[in-house]
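S.K.: I'd like to ask some things about the structure below.
The values are calculated or read from the model by the stated rules, or taken from the named source; none is laboratory data. A quick note: this is a predicted structure, and the numbers were derived from the prediction, not measured. Here the Cβ is made from the backbone with ideal geometry for all residues, glycine too, and neighbour counts use every protein chain on show.
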Amino acid sequence: MKISVILGHPKRGSFNHAIAGTVVQALKTSGHEVAFHDLYREAFDPVLPDIELPKEAVVPTLIMRHCDEIAAADVIVIVHPNWWGQPPAIVKGWIDRVIRPGVAYTFKEGDSGEGIPVGLLRARSALVFNTSNTEARREQEVFGDPLERIWKDCIFGLCGIKHVYRRTFGVMVMSTERQREAWLDEVRETVGRVFS
């Protein structure tokens, strides 16, 4: 399988990096083809310029590489922290520039204003691993778990991905080394289950 793995966390050595490293290692050990991007390390430019807005726009080579990789991916894996109920700006910018018309979705010819996209991504599954400093119950009861809506309904669902699995690890600031090791074991188990 071809797997696209995207990491969005600025601090090297973070638990997000540990999650991404665990995912990539498990996938490669199982013989999968992995396209891995650490957006901060690559200094990915998250700013969407107006010239990239049209479907037929000619985009920079790096952006086209990302587009080609997610278009060819059988599964997409995203790793990022929960910041204010959203992905970090660099991940949002990756979405803006890469999950683009003609690559991830299109609109039906003659759309009369409904604006309901037709998904173009061939991937049928996506995994999203998040870290958080908010307890899961509070995230759900007080905030309505916005990351679940963003990834499942507002992005992947509209781009044709039917199965979205998201797991949040937290509360990070109170976690122990032993707990983080158990979480990484869970990441390995999840990758093994999804990619078997």
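S.K.: Look at Lys55 and say whether it is of a type in the set (Lys, Arg) and either assigned to a strand (DSSP E or B) or modelled with pLDDT under 95 (or both).
M.R.: Here the answer is yes, as Lys55 does meet what is asked.
S.K.: Check Phe143, Phe156, Phe195 and return the single one that is out of contact with any helix residue (DSSP H, G or I) (no Cβ under 8 Å at 6 or more places or on another chain), aromatic (Phe, Trp, Tyr) and at pLDDT below 95.
M.R.: Values: Phe156 fails: at pLDDT below 95; Phe195 fails: out of contact with any helix residue (DSSP H, G or I) (no Cβ under 8 Å at 6 or more places or on another chain).
One residue alone meets the criteria, Phe143.
S.K.: Hey, another quick one. Which condition breaks for Val118 when tested against (1) over 16 Å from Pro81 (Cα atoms); (2) modelled with pLDDT under 90?
M.R.: (2)
S.K.: Would you mind finding the one in Ala35, Ala71 that is within 14 Å of the chain's Cα centre (by Cα), touching a residue at least 40 places away in the same chain (Cβ under 8 Å) and either assigned to a strand (DSSP E or B) or surrounded by fewer than 19 Cβ atoms within 10 Å (Cβ to Cβ) (or both)? Spell out how you get there, then give the answer.
M.R.: Details: Ala35 fails: touching a residue at least 40 places away in the same chain (Cβ under 8 Å).
Being within 14 Å of the chain's Cα centre (by Cα), touching a residue at least 40 places away in the same chain (Cβ under 8 Å) and either assigned to a strand (DSSP E or B) or surrounded by fewer than 19 Cβ atoms within 10 Å (Cβ to Cβ) (or both) holds for just one of Ala35, Ala71, which is Ala71.
S.K.: Is there a residue being within 16 Å of the chain's Cα centre (by Cα) and surrounded by 12 or more Cβ atoms within 10 Å (Cβ to Cβ) anywhere in the stretch 175-184?
M.R.: Taking the stretch 175-184 and keeping what is within 16 Å of the chain's Cα centre (by Cα), we get none.
No, because not a single residue in the stretch 175-184 is within 16 Å of the chain's Cα centre (by Cα) and surrounded by 12 or more Cβ atoms within 10 Å (Cβ to Cβ).
S.K.: May I ask you to say which residue of Ile95, Ile63 is outside any loop (DSSP other than H, G, I, E, B), touching an Asp or Glu at 6+ places or on another chain (Cβ under 8 Å) and under 27 Å from Met1 (Cα atoms)?
M.R.: Numbers: Ile95 fails: touching an Asp or Glu at 6+ places or on another chain (Cβ under 8 Å).
The match here is Ile63.
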